[in-house]
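I have placed the structure first, in the form of structure tokens, so that the comments after it can refer back to it.
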Amino acid sequence: MKETMLTVAGLMELSARTAPKSAGQDFIKTKIICGEDLKKLADAMEQYGKEKGAPNFDRDGDNVRNSDALLLVSLAGHKPLGLNCGACGYSLCSELKPREGPEFAGPLCAWRVLDLGIALGSAAKTAGILNADNRIMYRPGVVARKIGMIDGELVVGIPISATGKSIYFDRVAKK
């Protein structure tokens, strides 16, 4: 089953890679995490949650640990689209200067963030079509970025598993 799930992760990566991008400019990066790297990420998530007093990093870390694979998708090295639309909060794209925040860099061009969302949706759709349980998760992306598993200003993870019941739902926040 592990090999099958790695194939699913590869097809998810393909979906993220080929998802439409604004003006045909690609600033999306992907990386499949499996095996010992899943455990490393899960342990780092638990540690991060403890250090920061941030809830549910331990719960989501358990999900990552119990997954067959995880696809990281990031927005990396992007340039604003150049529309001067103001969706990012600035009147001119030239005013947009991302800076490091507590977990991600920002502000970011809204159109590039939409590109990331479309890539994530395409990957999750592929997992669903292939009947792999999955969930788009914020917390694995935070920690994967912090420990250098993938570059990018904004990173999101999609873990996948194949069990009798999805491990990603009906979860209880730990106290």
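The values are calculated or read from the model by the stated rules, or taken from the named source; none is laboratory data. As the structure is a computational prediction, the values presented were derived from the model and not from experiment. Ligands, DNA and RNA are excluded from the accessible area calculation, which covers all protein heavy atoms including side chains. Shrake-Rupley method; radii C 1.70, N 1.55, O 1.52, S 1.80 Å.
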Discussion item. For q values of 0.13, 0.22, 0.26, 0.31 Å⁻¹, compute log₁₀ I(q)/I(0) with the Debye formula on a Cα-only model of region 103-157, without solvent.
Written reply: -0.36, -0.90, -1.07, -1.19
Worksheet item: Per the Kirkwood formula on distinct C-alpha pairs, the Rh of region 127-174 is how many angstrom?
Response: 12.1
Response to the item:
Note on the chain: contact order normalised by length, alpha-carbon pairs under 8 Å, 6 or more apart, percent, works out to 30
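What do you reckon, how do Ile129, Ile167 stack up by accessible area (1.4 Å probe), largest on top?
Values: Ile129 120, Ile167 45 Å².
Solvent-accessible surface, decreasing: Ile129, Ile167.
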Worksheet entry | region 61-124 - Rg and Dmax from Cα coordinates, angstrom | 14.7, 45
Fill in: Base-10 log of normalised Debye intensity for the chain (one unit scatterer per alpha-carbon) at q = 0.08, 0.10 Å⁻¹
-0.25, -0.39
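So how many Å³ per residue does the convex hull of the Cα atoms of region 81-173 work out to? Provide the component values of the computation, followed by the final result.
Values: hull volume 12.1 nm³, N = 93.
So the per-residue Cα hull volume is 130 Å³.
Can I get the semi-axes of region 1-78's equivalent ellipsoid? Compute them from the C-alpha gyration tensor as square roots of 5 times the eigenvalues, in angstrom, largest first.
Values: eigenvalues 135, 69, 14 Å².
Gyration-tensor ellipsoid for region 1-78: 26, 19, 8 Å.
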Worksheet item: If amide H atoms are built 1.01 Å from N in the plane of the peptide, which residues on other chains or at least 5 residues away come under 5 Å of the amide H of Asp26?
Response: none
Discussion item. Let me check against my output: what whole-number percent is the relative contact order of region 66-156, with C-alpha pairs under 8 Å and at least 6 apart?
Written reply: 36
Worksheet item: Under 20 Å from the Cα of Lys97, which aspartates and glutamates turn up, not counting those fewer than eight places away in the same chain?
Response: Asp26, Asp115, Asp151, Glu153
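When the Kirkwood hydrodynamic radius is evaluated over all pairs of different C-alpha atoms of region 23-67, what value in angstrom, to one decimal, is obtained?
Details: mean 1/r = 0.0854 Å⁻¹.
With all distinct Cα pairs of region 23-67 included, I get 11.7 Å.
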